[in-house]
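S.K.: What follows is a single structure, and I will ask about it in a moment.
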Amino acid sequence: MGALLEVENLTTEFVTRGGVVRAVDGVSWDVREGETVALVGESGCGKSVSALSVMRLIAAPAGRIVGGRVRFKGRDLLALSDEEMRRIRGREIAMIFQEPMTSLNPVLSIARQLTEGLEIHLGTTAAEARRRAAELLATVGIPDSERRLRQYPHQFSGGMRQRMMIAMALACNPSLILADEPTTALDVTIQAQILELMKALSRRLGVAMLIITHNLGVVARYADRVNVMYAGRIVERGTARELYAHPRHPYTLGLLRSVPRLDEPRRARLDPIEGQPPDLTRLPAGCAFATRCAFRVERCARERPGLVAVGGGGHVSACWEAERLDRALAMR
Amino acid sequence: MIDGRPLLEVRNLVKHFYVSGGLFGGREGVVRAVDDVSFAIHRGETLGLVGESGCGKTTTGRCILQLERPTRGQILFEDRDLATLGPEELRAVRRRMQVIFQDPYSSLNPRMTVGQIITEPLAVHRIVPDPVKREARVQELLGHVGLLPQHARRYPHQLSGGQRQRVGIARALAMEPALIVCDEPVSALDVSIQAQIINLLEDLQREFGLTYLFVAHDLSVVRHISDRVAVMYLGRIVELADRKALYDDPLHPYTRALLSAVPIPDPELEARREHIVLGGEVPSPLHPPSGCVFHPRCPIAIDRCRAVVPELREIKPGHWAACILA
């Protein structure tokens, strides 16, 4: 399948009181048609800013996309006029946010929020849009849709609001959905429902997804390919199976090791990643992870490693010691 | 490790909230936040209290800490019924029960330095009346939680989330407590930092003989840290057992569904695993279902579950479940 979205050398900066922060630093990744790709990392790693940059939702003047290209179906989104970009947002690329309550309009009825996009983007008549809105609620598993359409977001539970967000995202039959921590605010049993729903819908409707999350379990259940981000860069990428079975970056390995797992015997002690993520206004010259890394060598402080192939299926890692890491893992 | 009388005993705890509603603010209903909950925690033990939002786990913790007045039931701490204590005695007891909150940012005063935050309880409760010794004690406490002496001069906003949680822990430790209620202490932290804080809590427990009530929704974290685990649903404990028994052999269908819902960071395993996806959502505690409160979502419910309120029964030695089919 061909690439639907290709992000090349994307760089996004923010002006802060502490200086200029390069939140996304020359990052490249892609999403193919019908595929689910994950951007994984901890707070401040640039995963959300990456998605907002694709949607051109970076708030000026503090934030600015300073370089790179975002090719969607062959067109560079960064070169489009605001008007052209508006026609893509919500229609061809939709977005789902973590906290549905803050992204839904509290004073508009559920019906209005679902029909607005249809009427604006597709020129659907009011009656037809209403019919489609009811259909969308049914698609995302909200029963009793006629009554629900007359309600307002505060009358919905957290799980239903997230279903509603998914319905809004699906309204114009987009080919790509960017989902930013879609289940983080939800309880585990509701998270399971929403994940099953998203998985079923992406399969049935063939819509591609970019899922942004810090939850390695969610990624494992869900993504075909995974990009791991740290301090504004991608440090490892691979198919989900390859990356979890053979992590080739010490940060990925550290993340996988630091979480307790229900499928493994309980360990006497957890293996945390020591230290703190770096201050983005004062990034070191070399590898940003070096100070926390158990595998660091002298070179890591001086030279920044680029992504190089480390395995099949496009598995790449940005680590000078990727091979030693693999040998160390094989010996365990 | 476990000897004699429990440090804390909760007996038939009930906490109702009255909700006024409607245009005229009349009494609309009763939220049964905690509905007949009993458990004990022994010295040096960690009891995990898990459940989804609104299940009553936080309210249970708050009742124990006397931040909420129980509607009914008894809380015995070091064999004394807290409801019978006078204000002075209660003050002394409360010192021995501390709390660590989920969001260290909103529980630390932004206008106080870390040093002042930790010093305050030492002065107020006259734990260390001498100011010079107090300063030394603050330095010692910072060391216990893995912070550096210079952190004492910083303000909360100058610290990372993990460091702020360490300050919250130091403040609790300052009181020399016997029991610490940890209310979602790591859920606001990044995964790489969560493990640091969990290890720290375990080290402190060993060093100071602390007893923890660990309230959380993350079942993997609770399994790691707890000796015994209680699962709550809609104000009630539905299962209570040793860690190993609860995770290896869950008896309540809700516990089984919860465990199955946790995604495991292994794509191959996830592809093979069968998931019990519960339908519906947690009902409102304003109008709890009849009989077993879990029956509308239960995959194995039978007719009788609609009528009979299941008692928490000891099904195997030390393994309790509130299900008539268990």
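S.K.: Just to verify a result, which residue in region A:255-270, among those that are charged (D, E, K, R) and within 7 Å of another protein chain (Cβ to nearest Cβ), is most open to solvent (accessible area, probe 1.4 Å)?
M.R.: Checked region A:255-270; the qualifying residue most open to solvent (accessible area, probe 1.4 Å) is A:Arg269.
S.K.: Please go through region B:157-192 and give me each residue that is open to solvent by 10 Å² or more (accessible area, probe 1.4 Å), assigned to a helix (DSSP H, G or I) and within 14 Å of chain A (Cβ to nearest Cβ), ordered by number.
M.R.: Hits for region B:157-192 are B:His157, B:Gln158, B:Gly161, B:Gln163, B:Arg164, B:Arg166, B:Val191.
S.K.: Specify which of the listed residues (A:Gly238, A:Gly159) is in contact with a Gly (Cβ under 7 Å, 6 or more places away or on another chain) and open to solvent by less than 10 Å² (accessible area, probe 1.4 Å).
M.R.: The unique qualifying residue is A:Gly238.
S.K.: Related question: Could you check how many residues of region B:110-147 are closer than 24 Å to A:Glu274 by Cα and either under 26 Å from the mean Cα position of the chain (by Cα) or not in a helix (DSSP H, G or I) (or both)?
M.R.: Looking only at that region, the number is 8.
S.K.: When the residues of region B:206-222 are filtered to those that are within 13 Å of chain A (Cβ to nearest Cβ) and open to solvent by 30 Å² or more (accessible area, probe 1.4 Å), which remaining residue is nearest to A:Val259 (Cα to Cα)?
M.R.: The residue in question is B:Asp218.
S.K.: Hey, can you tell me all the residues within region A:17-34 that are closer than 15 Å to A:Asp279 by Cβ, open to solvent by 60 Å² or more (accessible area, probe 1.4 Å), in contact (Cβ under 8 Å) with a residue 60 or more places away in the chain and not hydrophobic (A, V, I, L, M, F, W, C)?
M.R.: Listed by number, the list holds a single entry, A:Arg22.
S.K.: Here is a follow-up. Search region A:162-192 for residues being within 25 Å of A:Arg87 (Cα to Cα) and within 14 Å of chain B (Cβ to nearest Cβ), and hand back the single one that is surrounded by the fewest Cβ atoms within 10 Å (Cβ to Cβ).
M.R.: A:Glu181
S.K.: Let me ask another. Working carefully through the options A:Ile88, A:Ile142, A:Ile120, A:Ile96, find the one that is of a type in the set (Val, Ile, Thr) and within 14 Å of another protein chain (Cβ to nearest Cβ).
M.R.: Selected residue: A:Ile142, the only one of A:Ile88, A:Ile142, A:Ile120, A:Ile96 that is of a type in the set (Val, Ile, Thr) and within 14 Å of another protein chain (Cβ to nearest Cβ).
S.K.: Condition check: within 22 Å of A:Ser48 (Cα to Cα), away from chain B (no Cβ under 14 Å) and within 17 Å of the chain's Cα centre (by Cα). Does A:Leu195 satisfy that?
M.R.: no
S.K.: Applying the selection to region A:198-222, what residues are over 13 Å from A:Thr183 (Cα atoms), within 13 Å of chain B (Cβ to nearest Cβ) and open to solvent by less than 10 Å² (accessible area, probe 1.4 Å)?
M.R.: Result: A:Ala220, single match.
S.K.: For A:Ser81, state whether it is among the hydroxyl-bearing types (Ser, Thr, Tyr) and surrounded by fewer than 17 Cβ atoms within 10 Å (Cβ to Cβ).
M.R.: So A:Ser81 fits the description; yes.
S.K.: Go through region A:285-303 and give me each residue that's surrounded by fewer than 16 Cβ atoms within 10 Å (Cβ to Cβ), part of a loop (DSSP other than H, G, I, E, B) and away from every other protein chain (no Cβ under 14 Å).
M.R.: A:Ala285, A:Val297, A:Glu303
The values are calculated or read from the model by the stated rules, or taken from the named source; none is laboratory data. Please read these numbers as outputs of a predicted model, since none were measured by experiment. So basically every Cβ, Gly included, is an ideal-geometry build from the backbone, and we count neighbours across all protein chains shown. Accessible surface is based on the protein model in full, side chains and every heavy atom, while ligands, DNA and RNA are left aside. Shrake-Rupley method; radii C 1.70, N 1.55, O 1.52, S 1.80 Å.
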